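Q: Quick one: structure below, then a few questions.
The values are calculated or read from the model by the stated rules, or taken from the named source; none is laboratory data. All figures in this text were calculated on a predicted structure; none of them were measured in a lab. Using ideal geometry, Cβ is built from the backbone for each residue, glycine included, and neighbour counts are taken over all protein chains shown. Surface areas here come from the heavy atoms of the whole protein model, side chains and all, with no ligands, DNA or RNA. Shrake-Rupley method; radii C 1.70, N 1.55, O 1.52, S 1.80 Å.
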Amino acid sequence: MYSEKNPRIDTMARRVLPSHVGFIPDGNRRWAAGRGLPKHSGYRAGLEPGLALYEMCKSRGIPEVSVFGFTQDNTKRPAEQIDAFRQACVAFAMEIVERGASLLVIGDDTSSQFPDELRPYRTRKGSGIKVNFLVNYHWKWDLAGLEQGEHRSAEASRLDLIVRWGGGRRLSGFLPVQSVYADFYVVDQHWPDFKREHFEDALGWFKTQDQTLGG
């Protein structure tokens, strides 16, 4: 029987460090607009924060992370924005591969919106920290794989923690199967304003959350 007064159960029900963290880096366009810049310039500004966060996860010993690059819905935006976030995604992916990541790109590579440079990574390559990078992703595309017996993101494990920047309180279709028991932490600052404290605070908060998975 569950008891809030049993410290042993409380200790067992919490993890010090998540095994798999998902990141939703939102607010790039609002960040740019707030500075009087073209909206598409916000995507390039999110590149260095992404690399800094990757290094934090690697140094912390987190074995797996998943990152929202762009969705099929995002490709309805103006052409200059599409070009900007596609370029930023390629630059991020190529850099973390150089830094030793084990990269898997998850998304619809039958579309012309999928960057050619990332096609080799539709199969995981590398042996370091696992990075699942969602590029031209859509939850319906993912779940459509069930018609052949398995959802298309099946290689990604269950998420323990999801961190979203930009203040939004929604998943926006982020890995629906893996997210079923994930704790969800929101950072109000826009993604290009990333600070190390954002993730440190998220990890500290995660330690206080019960991880009973419904048990």
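Q: Would you mind telling me which numbered condition in (1) surrounded by fewer than 19 Cβ atoms within 10 Å (Cβ to Cβ); (2) within 15 Å of the chain's Cα centre (by Cα); (3) among the hydrophobic types (A, V, I, L, M, F, W, C) residue 213 fails?
A: (2)
Q: Checking residue 4 against (1) part of a helix (DSSP H, G or I); (2) at pLDDT below 95; (3) of a type in the set (Asp, Glu), which test does it fail?
A: (1)
Q: Please go through segment 31-55 and pick out each residue that is assigned to a helix (DSSP H, G or I) and buried (at least 16 other Cβ atoms within 10 Å of the Cβ).
A: Passing the criteria: 31, 32, 41, 42, 43, 44, 45, 47, 49, 50, 53, 54.
Q: Within segment 147-165, does at least one residue satisfy the condition of being in contact with a His (Cβ under 8 Å, 6 or more places away or on another chain), under 13 Å from residue 180 (Cβ atoms) and charged (D, E, K, R)?
A: For segment 147-165, residues in contact with a His (Cβ under 8 Å, 6 or more places away or on another chain), under 13 Å from residue 180 (Cβ atoms) and charged (D, E, K, R): present.
Q: Restricting attention to segment 143-175, and to residues there that are under 21 Å from residue 82 (Cβ atoms) and not small (Gly, Ala, Ser), which single residue is farthest from the chain's Cα centre (by Cα)?
A: 165
Q: Only one of these is small (Gly, Ala, Ser), free of Cβ contacts under 8 Å to residues at least 40 places away in the same chain and either open to solvent by less than 10 Å² (accessible area, probe 1.4 Å) or touching a Cys at 6+ places or on another chain (Cβ under 7 Å) (or both): 145, 149, 126. Name it.
A: Every option except 145 fails the conditions.
Q: Tell me which residues, restricted to segment 193-210, are in contact (Cβ under 8 Å) with a residue 60 or more places away in the chain and either over 14 Å from residue 21 (Cα atoms) or open to solvent by 40 Å² or more (accessible area, probe 1.4 Å) (or both).
A: Matches in segment 193-210: 193, 194, 196, 207, 208, 209, 210.
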